[in-house]
Amino acid sequence: MGVDMKQADVFPGSSKLVEGRMPPSSLLVVGPSGIGKTIFSKHFIYNGLTCGEPGIYLSTDESPEKIVGSMRSFGFDTETYTNNGTFRVVDCYSWRIGCKSSSTYCLSNPADLASVSMAIDKARQNLNNTRFALDSITGLMTICNHNLTFFSKFLQIIVAKTRATNSNAVFLVSPEAHDQVFMSYLREIFDGTLEMRMEIKKDESGEEMKRLLRLFSLKGAKHKTHWTPFEITNDGILLRSGKEIRCVMCSRQIEWEPHVEVIDGREYSFDSTECANTYKKLRSMYGPSFE
Amino acid sequence: MISGKTLAFHSYKGGTGKTTLIANLAALYAMQGKKVCLLDFDLYAPSLGMYFRKKPTVYLNSLLRGELDQPSGEVDASSLVTDVSSELGLKGKLLLGFSSPNRDDITDIEFQHDQKWQLKAIKRFQSFKNQLFEDNMVDCLFLDTSPGIRYWSINTLAIANMLFLVMKTSDMDIEGTKKMVNDIYDVLTRYGKSKYFIILNKVPEISNSNGRQWDATEIAWAEELQKDIGTQVVGSVPCFCDIQFSKHEFLFAVNHPEHPFSKRVVDLADRISTLL
């Protein structure tokens, strides 16, 4: 019995939102604090690592230990990739505590964007087709000394280098911390914009918060632009399924993004990896008549 | 999202003490504060109802027959499990699901249905399992299975993540277990992170069985079986006549924690916890 995983998403849910193959892109991820941008970017980096694409994670708000720990809590174990040098953290956080950092790429003065740029270049050395996450533009803006034009140039250079290597990158920003002019500038710099928002629904049973995302723009690819509900789960970001699909194993309606596996050349949708594993075991025991 | 584990207890032959062990372990975990569910999937010879002296109105057989189906594909499980936590004075939760001891129900599951029906029944079981973890937030699901290679013992083992083979040290049990491991366990642990382990039960001729420490005889058995069967022996429980021949079996681990059997159950629970 041949079992293959479906090709992994470039960013969480991208296969649901982008038609066909997604071109290498630098994506601006816009959303308020607490919406899930950071876990989105960690999920994006981890997806790449599991597909053999190295990842560089620049953080202004978390130490390397905290990044690794929080990724592990979502099942994104980076230890192997840290050890083989394909996962690298550019640490723009630990300067606050005298650069006591486990990262080789720790900046003593991230207020100087030239040194940030150099640290990113250094982290990219000896790596090909590298994914990059900048978490966050807002964090970097609050500590840097430069004006808007200089900051835009800094981002444009990173985007250009990402394009030159046909790689993917995400840049996170909290719009409430910036004015309209700055946000308009930003949208121009990147290949696409992914927006996140929170919807609060009130009814007699109380308040229900719903997270939504949409791919507002993406150059060079046909994509859906409608708001899609998503959830932060134990496995990272999961998009709700748009149409009614039932799990092959448990027959329940799949509420979230289905777990899809190709078995003997045919695609099967499951509610969870648990259901997929049970199905494969039983199919191995009883043969293809187990449907 | 399923984050808990499903543990199935199985054996080559009947009479290995599988039900006594699983009931005591489940109760012990619940006593320690965990939320545990124990289901009697020994559909051909159920005993958990008698063990806990319960006569439920709804059995797992109804679940398998589709009598609890809902349009969403979920099952109406509200009357299927019985919460015995407060009557046993447990800190956590112990939910029990029983299968029917009635002759008609047993023959119905074994002889009355074709493969298509059986496959639907497995799917209902999987759906119910998912609900237990998602809606009831169960930490651990224990499944008591039928001994040997039978349709519903295979199905129950396939649905679990951790398989425990309870065996005695008799030649017949050892040879039968080895054969069963070759025949089905390799397939059943091929996907996901499923693993199987051995629990030695009713080990005879143990000179010192008062504490948690394994006797030299038990260590020798464990080493030999580990080599012979190729998987870890995760627990060893000596033979205790007062337990084996007590008129009414019950939860020694909860009611008599000082009993040497209970100490071994605690040891086994701790060892299993490290594997979860």
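Fewest first, what order do B:ARG65, B:ARG103 take by the number of other Cβ atoms within 10 Å? Could the numbers behind the result be given before it?
On the way: B:ARG65 19, B:ARG103 8.
Lowest to highest Cβ neighbour count: B:ARG103, B:ARG65.
Do any GluC sites (Glu not before Pro) in the stretch B:190-234 lie in a DSSP loop with no more than 14 other beta carbon atoms within 10 Å, and if so, which?
Working: sites: B:GLU205, B:GLU218, B:GLU223, B:GLU224; in loops: B:GLU205.
Loop-located and lightly packed - B:GLU205.
If the cut-off is 16 Å between C-alpha atoms, which aspartates and glutamates fall inside it for A:LYS280, apart from same-chain ones fewer than 8 positions away?
The qualifying aspartates and glutamates are A:ASP4, A:GLU261, A:ASP264, A:GLU267, A:ASP271, A:GLU291, B:ASP186.
For the stretch A:241-291, place one equal point scatterer on every Cα, skip the solvent, and apply the Debye formula. What is log10 of I(q)/I(0) at q = 0.12, 0.23, 0.30 Å⁻¹?
-0.23, -0.80, -1.21
With 25 Å as the limit, write out which pairs from A:LYS281/B:LYS91; B:LYS34/B:LYS195; A:LYS66/A:LYS100; B:LYS120/B:LYS168 have Cα-Cα distances beyond it, or answer none.
Details: A:LYS281/B:LYS91 36 Å; B:LYS34/B:LYS195 22 Å; A:LYS66/A:LYS100 13 Å; B:LYS120/B:LYS168 35 Å.
Correct reply: A:LYS281/B:LYS91; B:LYS120/B:LYS168.
Be a star and scan the stretch B:158-179 for residues whose amide nitrogen sits under 20 Å from the point 7 Å along the Cα-to-Cβ vector of B:ALA216.
Label zone hits: none.
Apply 1/(1 + (r/R0)^6) to the Cβ-Cβ distance of A:LYS66 and A:THR233, taking R0 = 30 Å, and write down the FRET efficiency to the nearest 0.05.
Details: r = 20 Å, r/R0 = 0.67.
It comes to 0.90.
Taking each full run of DSSP H in chain B as one helix, which ones are at least 18 Å long along their axis (Cα atoms) and have mean Kyte-Doolittle hydropathy of at least 1.0? Mind dumping the intermediate values first?
On the way: long enough: B:18-31 (19 Å, 1.06); B:115-134 (29 Å, -1.02); B:216-229 (19 Å, -0.34); B:260-275 (23 Å, 0.08).
Helix filter hits for chain B: B:18-31.
Any idea what angle helix A:113-124 forms with the longest principal axis of chain A, computed on alpha-carbon atoms, 0 to 90 degrees, nearest 10?
Roughly 40 degrees, rounded to the nearest 10.
Suppose only helical runs count, i.e. DSSP H with n ≥ 4. What mean residue ellipticity at 222 nm does that imply for the protein assembly as shown under -39500 (n - 2.57) per run, divided by all residues and rounded to the nearest 500 deg cm²/dmol?
-10500 deg cm²/dmol, from helical runs alone.
Please report the net charge: other residues with Cβ closer than 15 Å to the Cβ of A:ALA114, K and R +1, D and E -1. Show your work: numbers first, answer last.
Working: positive: A:LYS122, A:LYS153, A:LYS161; negative: A:ASP112, A:ASP121.
Around A:ALA114, the surrounding residues sum to +1.
For the pair B:GLN115 and B:GLU224, what calculated FRET efficiency results from E = 1/(1 + (r/R0)^6), where r is the Cβ-Cβ distance and R0 = 35 Å, to the nearest 0.05?
Numbers: r = 40 Å, r/R0 = 1.14.
Taking R0 as 35 Å, the efficiency between B:GLU224 and B:GLN115 is 0.30.
For B:LYS54, give me every one of the lysines with a C-alpha distance below 18 angstrom, ignoring sequence neighbours fewer than eight places off in its own chain.
B:LYS93, B:LYS247
As I understand it, the value is the acute angle between the Cα axis of helix A:273-286 and the longest principal axis of the Cα atoms of chain A; what does it come to in degrees, rounded to 10?
So the inclination is approximately 30 degrees.
When the dipole is taken about the Cα centre of chain B, and only Lys, Arg (+1) and Asp, Glu (-1) are charged at their Cβ, what size is it in debye, to the nearest 20?
I would put it at about 340 debye.
Got a sec? How would A:LEU27, A:LEU113 order by Cβ neighbour count within 10 Å, fewest to most? Mind dumping the intermediate values first?
Numbers: A:LEU27 26, A:LEU113 18.
Fewest-to-most Cβ neighbours within 10 Å comes out as A:LEU113, A:LEU27.
Enter the mean number of other protein chain beta carbons within 10 Å of the beta carbon of each residue in A:229-237, as an integer. Before the final figure, lay out the partial values.
Details: counts 0, 0, 1, 0, 2, 3, 2, 0, 0.
Average neighbour count from other chains, rounded to a whole number: 1.
Take every DSSP beta bridge with both residues inside the protein assembly as shown and express the antiparallel ones as a percent of the total, to the nearest 5. Mind showing how you got there, number by number?
Working: 33 of 87 bridges.
Of those bridges, close to 40 percent are antiparallel.
Apply the a/c threshold of 1.5 to the C-alpha gyration tensor of chain B and tell me whether it is rounded, prolate or oblate. Mind showing how you got there, number by number?
Working: a/c = 1.68, a/b = 1.35, b/c = 1.24.
Verdict is prolate for chain B.
Thinking of the stretch B:217-276 as a set of Cα atoms, what percent of all their pairs are more than 20 Å apart? Numbers along the way, then the final one.
Numbers: 665 of 1770 pairs.
Tail of the P(r) past 20 Å holds 38 percent of the pairs.
Under a cut-off of 18 Å between alpha-carbon atoms, report the lysines in cross-link reach of A:LYS219, not counting same-chain residues fewer than 8 places apart.
Excluding near neighbours in sequence, the set is A:LYS16, A:LYS161.
Give me the number: length gained by fully extending A:ASN147 to A:THR273, i.e. 0.36 nm times residue separation minus the C-alpha to C-alpha distance, one decimal in nm.
Values: separation 126, 0.36 × 126 = 45.36 nm, distance 4.86 nm.
Gain on extension, A:ASN147 to A:THR273, equals 40.5 nm.
Can you sort B:LYS55, B:LYS34 by how many other beta carbons sit within 10 Å, fewest first? Before the final figure, lay out the partial values.
Values: B:LYS55 8, B:LYS34 21.
Least crowded to most crowded, the residues run B:LYS55, B:LYS34.
Around B:TYR196, which amide H atoms from residues at least 5 apart in sequence, or from another chain, sit under 5 Å from its own amide H, with H modelled in the peptide plane?
Residues meeting the amide H criterion: B:LEU163.
Compute the long axis of helix A:37-50 from its Cα atoms, compare it with the longest principal axis of the Cα atoms of chain A, and write down the angle in degrees, 0 to 90, nearest 10.
Orientation of helix A:37-50: about 70 degrees from the principal axis.
FYI, it's all coordinate maths here, none of it is from the lab. Nothing here was measured: the structure is a model prediction, and the numbers come from that model. Every residue, glycine among them, receives a Cβ derived from its backbone with ideal geometry; neighbour counts consider all protein chains shown.
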